[in-house]
Amino acid sequence: MRRAVALRPDDALYHNTLGAVLGENTEMDAAIASLRRACDLQPDFVSAWYNQGVLLMRCARPEESVVALRKAVALAPDHAHARVMLGEMLRASGQTEEAAAEYRRVLAQKPDAGTAWWGLADLKTNKLSDADVGHIRQAMQRPTASDDDLIAMGFALAKGLDDLGSYADSLAALAQTHARAHRRWPWNAAQSSAWIDTILQAFSVPPAATPETLGHEVIFVTSLPRSGSTLTEQILASHSQVEGGGELIDLPQVLGEESARRQQKFPHWVGAMTPQDWERLGRRYLERTAHWQQHRPRFTDKLPNNWQYIGAMRAMLPGARIVVCRRDPLETCFGIYRQFLANAEYAHEFSDLAAYWRDFDRATRHWLRLHPQRVHENVYEDLIADTENQIRELLAFCDLPFEAGCLDFHKSERRVFSPSATQVREPLRRDTARSARYGALLDPLRAALALPAFSG
């Protein structure tokens, strides 16, 4: 594609294609530059504006993404995907009414647009009505509804039924939806656990250190989904020294680059790494995340499943702080089960979900034992019960002076890209546990987690 663009440097279509290829190869800055060139050459090129918005969103650069997506929607008002993504951006910035309006515009054009129904259901502050639940049921019968639409609508239907207090029906809708998703994306729990075993063995002894201060600007926030990581990041990003990076893809991408270079999957090449190799990877990560160091000296990276890579974090960036967020296992697993999440194939059966939680539990305990000075456990229930002291402890661990603004994290105007975007703009509530509402209906999940049955 680079050769093609060199032959036809003024062809917007070629620049758009090059941008898409670079994006797939995770060369994000170069990809965005190519897409911007396409838009400069052909200002009415809808696909180039849309692709630019998508990549900027993946890079957690929301303000720029909004500009591109608004341009795509202005040029093509019927572009459903662009409108749904624009709704996500508006939700992330706290503009829930505008987000809802964008989702409903999509549904007026395409009543079985699953992602629009899920976006509407996931707004939290705008509960679905009886009429909405009926419309979702009707839309799921339409012959034009794809498998992806049916899965997204299934999660939306379950959320609507939960809002109406129909817990048994909600759980039944979730079971049907997860069964469909499991057929589409099967999961091998034993293989996943074996991979975690391999990682823990590879890092059973801390690797030889790179320069001790390398990575001091980074605060990793790791967790399973629905465990309080967005809340933790919001608290940290309310500090004057910390930029909230969000769910950055750079760490796994850097490890992926090294796997490609060595033609071995991670972590099989760990034993061959020298301190200089780890330093090279650390500097590559910092190069990729330079955008987040422009305005404040520290930044957060809260891609949830980075808990698998804590050993690599310590080897690459020994100066980084690593926060592990943890929540009650039943609440965590049920929260995951209720949420329409990307790349969560482990969530479709209770047995797989429980096995994944156990892998998280044993891996993070391993890292805490191995690196007690650089890995900190942040327990959601403790944060709710003793907020100020827990926040002070968190800031002290991150080598940050206490600032009262961190107690008022819900007043921060930063954009948040996660299912908890709405909640972190509200003061902490103590009644966040949801499993009790479902009572004995969740006993199969309790059994999978080796927890006692419900006793009301």
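Quick look at the numbers
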read-out	value
Residues satisfying the stated conditions in the stretch 285-301, i.e. at pLDDT 95 or above and part of a helix (DSSP H, G or I)	Y285, L286
In the stretch 150-199, the residues that are touching a Leu at 6+ places or on another chain (Cβ under 8 Å) and of a type in the set (D, E, K, R)	K159, D163, D169, R180
Filter result (among the polar types (S, T, N, Q), in contact with a Lys or Arg (Cβ under 8 Å, 6 or more places away or on another chain) and over 17 Å from A320 (Cα atoms)) within the stretch 239-288	S240, Q253, S259
Single match in E377, E388 (criterion: among the charged types (D, E, K, R), under 24 Å from P267 (Cβ atoms) and either in contact with a helix residue (DSSP H, G or I) (Cβ under 8 Å, 6 or more places away or on another chain) or open to solvent by 10 Å² or more (accessible area, probe 1.4 Å) (or both))	E377
Positions within the stretch 103-135 being among the aliphatic types (A, V, I, L, M) and either at positive phi or under 26 Å from the mean Cα position of the chain (by Cα) (or both), in sequence order	V106, L107, A113, A116, L120, A121, L123, L128
Qualifying residues in the stretch 176-225 (those that are touching a Pro at 6+ places or on another chain (Cβ under 7 Å) and of a type in the set (D, E, K, R)) - the one surrounded by the most Cβ atoms within 10 Å (Cβ to Cβ)	E217
Scan of the stretch 366-425 for residues that are among the hydrophobic types (A, V, I, L, M, F, W, C), assigned to a helix (DSSP H, G or I) and at pLDDT below 90, ordered by number	F409, V424
Any helices (runs of 4 or more DSSP H) falling wholly within the stretch 173-276 and containing at least 3 residues that are touching a Gly at 6+ places or on another chain (Cβ under 6 Å)	none
Residue list for the stretch 234-257, filter: under 22 Å from R280 (Cβ atoms) and open to solvent by less than 10 Å² (accessible area, probe 1.4 Å)	G245, L248, L251, V254, L255
Number of positions in the stretch 334-365 that are open to solvent by 40 Å² or more (accessible area, probe 1.4 Å) and either in a loop (DSSP other than H, G, I, E, B) or not basic (K, R) (or both)	8
Residue list for the stretch 335-374, filter: in contact (Cβ under 8 Å) with a residue 12 or more places away in the chain and farther than 21 Å from S193 by Cβ	G335, R338, Q339, F340, H371, R374
Selection from the stretch 112-167 of residues that are farther than 22 Å from G335 by Cα and open to solvent by less than 30 Å² (accessible area, probe 1.4 Å)	D112, A113, D132, G134, A139, A145
Pairs where the first residue, in the stretch 136-147, is among the β-branched types (V, I, T) and the second is surrounded by 12 or more Cβ atoms within 10 Å (Cβ to Cβ), C-beta under 6 Å, 6+ apart	I136/W117; I136/M153; I136/A156; I136/L157; T144/D112
Test: residue in the stretch 258-274 that is touching a helix residue (DSSP H, G or I) at 6+ places or on another chain (Cβ under 6 Å), open to solvent by 70 Å² or more (accessible area, probe 1.4 Å), among the charged types (D, E, K, R) and within 18 Å of L200 (Cβ to Cβ)	yes
Members of the stretch 42-53 that are open to solvent by 40 Å² or more (accessible area, probe 1.4 Å) and of a type outside the set (D, E, K, R)	Q42, P43, S47, W49, Y50, N51
Yes/no for D163 being modelled with pLDDT under 95, closer than 28 Å to D352 by Cβ and among the charged types (D, E, K, R)	yes
Evaluation of F397 against (1) touching an Asp or Glu at 6+ places or on another chain (Cβ under 9 Å); (2) open to solvent by 10 Å² or more (accessible area, probe 1.4 Å); (3) farther than 25 Å from K124 by Cβ (one fails), failing number	(1)
Test: L303 is open to solvent by 10 Å² or more (accessible area, probe 1.4 Å), in contact (Cβ under 8 Å) with a residue 40 or more places away in the chain and touching a Pro at 6+ places or on another chain (Cβ under 7 Å)	no
2 or more residues more than 27 Å from D112 (Cα to Cα) and modelled with pLDDT under 95: qualifying helices (runs of 4 or more DSSP H) within the stretch 14-85	28-41, 62-75
Failed condition for A440, given (1) aliphatic (A, V, I, L, M); (2) modelled with pLDDT under 90; (3) surrounded by fewer than 18 Cβ atoms within 10 Å (Cβ to Cβ); (4) closer than 30 Å to A172 by Cβ	(2)
So L317, is it more than 18 Å from D29 (Cβ to Cβ), touching a strand residue (DSSP E or B) at 6+ places or on another chain (Cβ under 8 Å) and open to solvent by less than 10 Å² (accessible area, probe 1.4 Å)	yes
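For every residue, the table says whether it meets (1) within 30 Å of H410 (Cα to Cα); (2) surrounded by fewer than 22 Cβ atoms within 10 Å (Cβ to Cβ); (3) under 22 Å from the mean Cα position of the chain (by Cα); (4) in contact (Cβ under 8 Å) with a residue 24 or more places away in the chain.
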{"site": "R3", "(1), (2), (3), (4)": "no, yes, no, no"}
{"site": "E24", "(1), (2), (3), (4)": "no, yes, yes, no"}
{"site": "L55", "(1), (2), (3), (4)": "yes, no, yes, yes"}
{"site": "D78", "(1), (2), (3), (4)": "no, yes, no, yes"}
{"site": "G87", "(1), (2), (3), (4)": "yes, no, yes, yes"}
{"site": "A92", "(1), (2), (3), (4)": "yes, no, yes, yes"}
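The values are calculated or read from the model by the stated rules, or taken from the named source; none is laboratory data. These figures come from a predicted structure and were not determined experimentally. With ideal geometry, Cβ positions are generated from the backbone for all residues, glycine too; neighbour counts draw on all protein chains shown. Heads up: the accessible areas ignore ligands, DNA and RNA and are worked out on the full protein's heavy atoms, side chains in. Shrake-Rupley method; radii C 1.70, N 1.55, O 1.52, S 1.80 Å.
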